[in-house]
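A short reminder: the numbers here are calculations on the coordinates, not readings from a lab. Predicted, not measured: the structure shown is a model, and the values here were computed from it. All Cβ positions, glycine included, derive from the backbone under ideal geometry; neighbour counts span all protein chains shown.
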Amino acid sequence: MALALARAGWQVAVHYRDSRDQAMQTVASCAELSGDSAAFDADFFDEESVRSLVPRVVERFGRIDAVVNNASLFEHDDAQSFSYVALEAHLRSNTGAPILLSQALHAHVQERVVAGEESAQGAVVNVLDQKLWNQNPDFLSYTLSKAALEAANTMLALALAPSVRVVGVAPGLTLTSHMLSQEKFEALHAMSPLGRSSSSEDIAAAVCFALENRSMTGTTMLVDGGQHLQRFERDFSMM
Ligand SMILES: NC(=O)c1ccc[n+]([C@@H]2O[C@H](COP(=O)([O-])OP(=O)(O)OC[C@H]3O[C@@H](n4cnc5c(N)ncnc54)[C@H](OP(=O)(O)O)[C@@H]3O)[C@@H](O)[C@H]2O)c1
């Protein structure tokens, strides 16, 4: 996403928590593509850390036009293992942080409008998940946190208009993880009406489109090869 946005001319502020080296590599590539980029750390479990992020970006770049809420906690629990600890961790990272970042972007754009930049408009992309439209019992807290973010997508679109647009992008199975072998991943990726789920490039293209289309708000693009149309009894990592 960062590289696709830089290729489209955006100066990208790259957020990381633990993956500093990867963030710095991404910054170097983005800077080559669009002239400038910088990395910022923040732990989204911690409210003060989230609140510090937009001001630090504005201090470094002078302004901010968009936020892509992609960072996400994805830890397994289900109806048997559910706990307040798991729910709170997912809600803080996956729901609370995107809302706080949208709130901060809105305040920043409002300040610019008051300062005379009448056409200033911000945009938020919330990265969701096709599993919201195709639920199974796995990853209960994660799914609840993304369902809450999907509801916030609508509520924020109404509350922050006209200065900030809010758009959801819901991937299907896109990247593999330690829970899936490459062979299994490829087989599952092919299980969709289109015979393929989403690629990173598909998701990045949808994010670029959402950020650049000034008429979109309060809606979600499902970019998943149609996986949400098919019934899966378990999460892909459990199949
Ligand atoms: N992968 C898929 O196939 C798939 C499918 C559907 C939807 N999605 C959605 O697409 C997005 C990206 O997926 P992904 O697989 O790339 O995610 P991921 O690898 O599980 O996590 C992405 C990053 O989120 C950051 N993060 C997690 N908890 C954080 C916290 N408390 N504070 C700050 N950063 C935190 C981590 O950054 P650090 O490494 O720097 O700590 C992590 O590398 C997510 O929103 C996910 O729900 C993915």
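Measure nothing but the geometry: give the 0 to 90° angle between the long axis through the Cα atoms of 20-34 and the longest principal axis through the Cα atoms of the chain, rounded to 10°.
Orientation of helix 20-34: about 60 degrees from the principal axis.
In whole Å, how far is the Cα centre of the stretch 193-239 from that of the stretch 100-125?
So the separation of the two Cα centres works out to 27 Å.
Indicate the gyration tensor shape class of the chain (rounded, prolate or oblate), computed on the Cα atoms with a ≥ b ≥ c the square roots of the eigenvalues: a/c under 1.5 is rounded; otherwise a/b larger than b/c is prolate and the rest oblate.
prolate
In nm, to one decimal, how far is the SER199 label point from the GLN25 one, both placed 7 Å along Cα→Cβ?
In this crude spin-label approximation the distance works out to 2.0 nm.
How would you classify the stretch 1-66 from its alpha-carbon gyration tensor, with a ≥ b ≥ c the square roots of the eigenvalues: rounded for a/c under 1.5, else prolate if a/b is greater than b/c, otherwise oblate?
In terms of gyration-tensor shape, oblate.
Net charge near THR95: determine it from the other residues with C-beta under 11 Å of the C-beta of THR95, scoring Lys and Arg +1 and Asp and Glu -1.
In short, 0.
Near SER83, within a Cβ-to-Cβ distance under 13 Å, what is the net charge of the other residues, with Lys and Arg +1 and Asp and Glu -1?
Overall, the nearby charge balance is -4.
So, counting K/R as plus one and D/E as minus one, what does the shell of residues with Cβ under 13 Å around VAL223 add up to?
Summing Lys and Arg as +1 and Asp and Glu as -1 gives -3.
Using label points projected 7 Å from each Cα along Cα→Cβ, tell me how many nm separate SER119 and ARG60, to one decimal.
My value for the distance between the label points is 2.8 nm.
For the chain, take the longest principal axis of its alpha carbons; what is the angle in degrees between that and the long axis of helix 97-114, to the nearest 10 within 0 to 90?
Relative to the chain, helix 97-114 is tipped by roughly 20 degrees.
Per DSSP H run of at least 4 residues, take -39500 (n - 2.57); add these up for the chain, divide by its residues and hand me the 222 nm value, nearest 500 deg cm²/dmol.
-14000 deg cm²/dmol
Using +1 at the Cβ of each Lys and Arg and -1 at the Cβ of each Asp and Glu in the chain, identify which of ALA38, LEU156, ALA187 lies farthest towards the dipole's positive end.
After comparing all options, I get LEU156.
What does the charge dipole of the stretch 42-238 about its Cα centre add up to, to the nearest 20 debye, if the Cβ of each Lys and Arg holds +1 and the Cβ of each Asp and Glu holds -1?
Its charge dipole is roughly 380 debye.
Considering amide H positions built from the backbone, and no H for Pro or chain starts, which residues 5 or more places from VAL164, or on another chain, come under 5 Å of its amide H?
Close amide H contacts, sequence-distant or interchain: GLY122.
Label-point separation (nm) for ALA151 and VAL85, each offset 7 Å from Cα along Cα-to-Cβ?
With each label point 7 Å from Cα toward Cβ, the separation is 2.6 nm.
Provide the packing ranking of 226-238, 165-177, 108-120, i.e. peptides ordered by the mean count of other C-beta atoms within 10 Å per residue, highest first.
Output ranking for 226-238, 165-177, 108-120: 165-177, 226-238, 108-120.
Mind putting a number on the dipole of the stretch 1-152 about its Cα centre? Charges go on the C-beta only, +1 for Lys and Arg and -1 for Asp and Glu, and I need it in Debye to the nearest 20.
320
Would you work out which of GLN110, GLN80, VAL68 lies farthest towards the positive end of the dipole of the stretch 29-149, given +1 charges on the beta-carbon of Lys and Arg and -1 on that of Asp and Glu, about the Cα centre?
Projecting each Cα onto the dipole axis, the largest value belongs to GLN110.
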